[in-house]
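The values are calculated or read from the model by the stated rules, or taken from the named source; none is laboratory data. None of these values were measured; they are calculated from a predicted model. Note: ideal-geometry Cβ built from the backbone for every residue, glycine included; neighbour counts use all protein chains shown. Accessible surface areas use protein heavy atoms only, side chains included; no ligands, DNA or RNA. Shrake-Rupley method; radii C 1.70, N 1.55, O 1.52, S 1.80 Å.
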Amino acid sequence: MPLHEDLPDLIEKGQFDIREDVKLRAKRLAENFDWEKDDALRIWSFAPDNSGPNILVDTTKAVQFMNEIKDSLDNAFQWAAKQGVLTEENMRGIRFSISDCELHADAIHRGGGQLIPAARRLYYASELTAEPRLLEPIFLAEITAPIEAMGGVYSCLNQRRGIVNEEEQVAGTPLNCVRAYLPVAESFGFTGALRGQTQGKAFPQCVFDHWRIIGDDPLSAGSKAHVIVTGIRKRKGLKEEIPALDNYLDKM
């Protein structure tokens, strides 16, 4: 399931951490993000790199050997969160809850060699069935230009899916400052295009600001998100088709 939209940012800023006091963290999650108190007390890990914005929670009831397999399931979780199923890029903002587990009575069959690959397939299958979405990075672009060049600034931003956030005049100068959100994917060649449309009078500065969800379904052929996923997989030398759910079902 998806995490609350504000929680991944707080995790990335270090305000939630696997090393902090369990009860204090559980209280904050319950009060601020509507978590069940019992679930918040049973967080196993954050991923990737034990600090990322994805959470693994043990919600099982009366299942034996869970502490024994915890490290194996966590290792698989770190792996899956680092290389997501869609494009082998990091996952972000996902909670995985382990609700039930049936384990072999013989300890030799509960080792990492058996559990890690199986758990990784389970995480991938869970992601595919949970209506996954792509996230694209967004720049905050600050553009300074004289008033007569503003038409070119707005035209260039519109051509590149830019969203103007605010515009204000720079005090004591004939310049205006425009702040706009610009997708990173649209930023390549942006400076040249902007100066071309303003006769070299505009000066942009871009810094990363946030992630934005691409609303299209990446599993739907022909959608914009599907085209992006296919392009990334092709560039990485992967099979262009997103793996089907059947790939992660164990054949008995």
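Residues in the stretch 190-239 that are under 21 Å from the mean Cα position of the chain (by Cα) and farther than 30 Å from Asp6 by Cα: 4 in all. Here the stretch 183-207 is the region considered, the condition is being open to solvent by less than 60 Å² (accessible area, probe 1.4 Å) and in contact with a helix residue (DSSP H, G or I) (Cβ under 7 Å, 6 or more places away or on another chain), and the residue that is farthest from Ile138 (Cα to Cα) is Thr198.
Between residues in the stretch 229-252 that are among the aliphatic types (A, V, I, L, M) and residues that are assigned to a loop (DSSP other than H, G, I, E, B) and open to solvent by 80 Å² or more (accessible area, probe 1.4 Å), which pairs lie under 8 Å by C-beta distance while being six or more apart or on different chains? Note: pairs meeting the criteria are Ile232/Glu89; Leu245/Thr129. Leu56 meets the conditions (1) open to solvent by less than 60 Å² (accessible area, probe 1.4 Å); (2) modelled with pLDDT under 90 in every case but one. The failed one is (2). Residues that are open to solvent by less than 70 Å² (accessible area, probe 1.4 Å), in a loop (DSSP other than H, G, I, E, B) and not basic (Lys, Arg) within the stretch 83-100 comprise Gln83, Gly84, Val85, Leu86, Thr87, Met91, Gly93, listed in sequence order.
Scanning the stretch 129-170 for residues that are in a strand (DSSP E or B) and charged (D, E, K, R) returns Glu136, Glu142, Glu166, Glu167, Glu168. Among residues of the stretch 217-228 being assigned to a loop (DSSP other than H, G, I, E, B) and in contact (Cβ under 8 Å) with a residue 24 or more places away in the chain, the one that is most open to solvent (accessible area, probe 1.4 Å) is Leu219.
Testing Ala180 on (1) within 10 Å of Ile143 (Cα to Cα); (2) small (Gly, Ala, Ser); (3) assigned to a loop (DSSP other than H, G, I, E, B), one condition comes back false. Which one is that? Unmet condition: (3). Taken over the stretch 60-73, the residue count meeting the criterion of being open to solvent by 30 Å² or more (accessible area, probe 1.4 Å) and either assigned to a loop (DSSP other than H, G, I, E, B) or in contact (Cβ under 8 Å) with a residue 12 or more places away in the chain (or both) is 8. The condition (being part of a helix (DSSP H, G or I) and in contact with a Leu (Cβ under 8 Å, 6 or more places away or on another chain)) is satisfied by just one residue among Ala80, Ala30, Ala26: Ala26.
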